[in-house]
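The values are calculated or read from the model by the stated rules, or taken from the named source; none is laboratory data. Because the structure is a prediction, the values reported are computed rather than measured. As a convention, Cβ positions derive from the backbone with ideal geometry for all residues, glycine included, and neighbour counts pool all protein chains shown. Note: areas computed on protein heavy atoms with side chains; ligands, DNA, RNA excluded. Shrake-Rupley method; radii C 1.70, N 1.55, O 1.52, S 1.80 Å.
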Amino acid sequence: MEKLLTVDEAADAMRCSGQTIRRRIKAGELNAVRNGRLLFVPESSIEDFYKRNATAPQDPETAKGGGDQ
């Protein structure tokens with residue numbers, strides 16, 4: 001069975017606040033499981049979030065502003 005994190009645990013894992021986690025759940029950016037009044041975030045939901053929002057590494061020459069000038 002997949003590990004479920006509390007909102008506070010998910011916030012620690014993502015280095016943000018619990019309010020940010022709740023906002024991302026409401027916006028549909030993170031999945032959550034509700035048990036009564038409690039919310040739990042599956043670990044895979046956090047991994048999927050990072051995969052969807054990953055940025056491609058920049059070319060060091062382009063990042064420095066170098067190139068053909």
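General remarks:
- With 0.36 nm allotted per residue and the present C-alpha distance subtracted, the THR20-VAL33 stretch has 3.0 nm of extension available.
- Largest first, the residues LYS51, LYS3, LYS26 sort by 1.4 Å accessible area into LYS26, LYS51, LYS3.
- Difference of contour (0.36 nm per residue) and Cα-Cα distance, GLN58 to GLU43: 2.6 nm
- Using the Cβ of LEU4 as centre and a radius below 13 Å, the other residues enclosed give a net charge of -2, where K and R count +1 and D and E count -1.
- Stretching ASP12 away from LYS51 to a fully extended chain increases their span by 12.2 nm, per 0.36 nm per residue minus the current alpha-carbon distance.
- Helix-only [θ]222 nm of the chain, DSSP H runs n ≥ 4, -39500 (n - 2.57) each, per residue, nearest 500: -12000 deg cm²/dmol
- Note on the chain: GNM, Cα springs under 10 Å; of ALA32, ALA56, ALA13, the largest mean-square fluctuation is that of ALA56.
- The shape of the stretch 1-47 comes out rounded: with a ≥ b ≥ c from the C-alpha gyration tensor, a/c is under 1.5.
- Heavy-atom accessible surface of MET14, to the nearest 10 Å², is about 20 Å², with a 1.4 Å probe and all protein chains retained.
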